[in-house]
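A.B. asks: Sharing a structure with you now.
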Amino acid sequence: MAKVSRNIKTITMYSHQDALLCPAHAYVIHCSCITSSACHSRYPVKPGITISYLFHSLLNLNEAIGAELISKHIRQL
C-alpha cells in the first residue's frame, strides 16, 4: 500500500473590530451560506470518516475546490 501524506494545518482566527475586516465573522457567514450544500466526501485514508469541504465552486456548491485550484488563483493575484 502506498504511503499517504496528510497535510493538516490548524489556524486561529482572531476577531477584528471592523466587521468587514473580521476573518471570524467572514467564516461564520461563509458557513451559514454553504450549510445547505452537500459537498461531502470519504476521507481517503480512513474510508469510515466523512469530511465536509470548506471551499466550494461558486458555480456548483456541491463541487469541492482543491489545493491546486486555490494555489492557481493565488498565483494569478
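The values are calculated or read from the model by the stated rules, or taken from the named source; none is laboratory data. What you see is a predicted model, and the numbers here were worked out from it, not measured in a lab. Don't worry about glycine lacking a Cβ; one is built from the backbone with ideal geometry, like all the others, and counts go over all protein chains shown.
A.B. asks: For segment 46-77, enumerate the residues that are of a type outside the set (Gly, Ala, Ser), closer than 21 Å to LYS9 by Cα and surrounded by 12 or more Cβ atoms within 10 Å (Cβ to Cβ).
C.D. replies: Those that are of a type outside the set (Gly, Ala, Ser), closer than 21 Å to LYS9 by Cα and surrounded by 12 or more Cβ atoms within 10 Å (Cβ to Cβ): ILE51, TYR53, LEU54, PHE55, HIS56, ILE65, LEU69.
A.B. asks: Tally up the residues in segment 16-45 that are assigned to a loop (DSSP other than H, G, I, E, B) and either under 15 Å from the mean Cα position of the chain (by Cα) or exposed (fewer than 11 other Cβ atoms within 10 Å of the Cβ) (or both), please.
C.D. replies: Of the residues in segment 16-45, the ones assigned to a loop (DSSP other than H, G, I, E, B) are 16-18, 22, 35-39, 43-45.
Filter once more, keeping what is either under 15 Å from the mean Cα position of the chain (by Cα) or exposed (fewer than 11 other Cβ atoms within 10 Å of the Cβ) (or both): 17-18, 35-39, 43-45.
Going through segment 16-45 one residue at a time, the tally reaches 10.
A.B. asks: Which pairs turn up if I take residues in segment 47-70 that are more than 19 Å from ASN7 (Cβ to Cβ) and touching a residue at least 24 places away in the same chain (Cβ under 8 Å) and look for partners that are among the polar types (S, T, N, Q) and surrounded by 11 or more Cβ atoms within 10 Å (Cβ to Cβ) with beta carbon separation below 7 Å, at least 6 apart in sequence or on another chain?
C.D. replies: LEU61/SER37; ASN62/SER37; GLU63/SER57
A.B. asks: Further question: Somewhere in segment 29-36, is a residue among the polar types (S, T, N, Q) and modelled with pLDDT of 80 or more?
C.D. replies: Step one: of segment 29-36, the residues among the polar types (S, T, N, Q) are 32, 35-36.
If we keep only those that are modelled with pLDDT of 80 or more as well, we get none.
No - not one qualifying residue is present in segment 29-36.
A.B. asks: Something else: Identify all residues within segment 47-62 that are farther than 17 Å from SER32 by Cα and out of contact with any Lys or Arg (no Cβ under 9 Å at 6 or more places or on another chain); write none if there are none.
C.D. replies: Matches in segment 47-62: PRO47, LEU59.
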